[in-house]
Amino acid sequence: MAGAANPDRKAMTAIASLLAGGDHVDDINALRGGRVGAEILGVTPAAASTVGTFLRAFTPVTLASRTQCRRTSISGPGRWEPGLPDRS
């Protein structure tokens, strides 16, 4: 997977940017200015280009497989929970 190094740092950088009002990958650079981003995240924020590469690595197939794993872990193997989309 492209951009797989330090996924926790990249994910936290993207989430912190969104919580700070960023709506574009380039807004991540605001976290990198000064020490504000490091103070919030506890680590130096990842660069916008590396976070962009990390986010682009998630294809519909990888997202669907992660959703299926989540459904299985929530409802347990073989159990169907109302409100969740059909497993088929």
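Bear in mind that the values in this text are calculations on the coordinates, not laboratory data. Because the structure is predicted, anything quoted here is derived from the model rather than measured. We place every Cβ from the backbone using ideal geometry, glycine too, and count neighbours over all the protein chains shown.
Close amide-amide hydrogen proximity is noted between Ala46 and Thr13, each under 5 Å apart and 5 or more residues distant or on a separate chain (H modeled in the peptide plane; Pro and chain starts excluded).
Each label point was placed 7 Å from the Cα along the Cα-to-Cβ direction; for Ala57 and Asp23 their separation is 2.8 nm.
A Förster radius of 25 Å combined with the Cβ-Cβ distance from Glu39 to Asn6 puts the calculated FRET efficiency at roughly 0.85.
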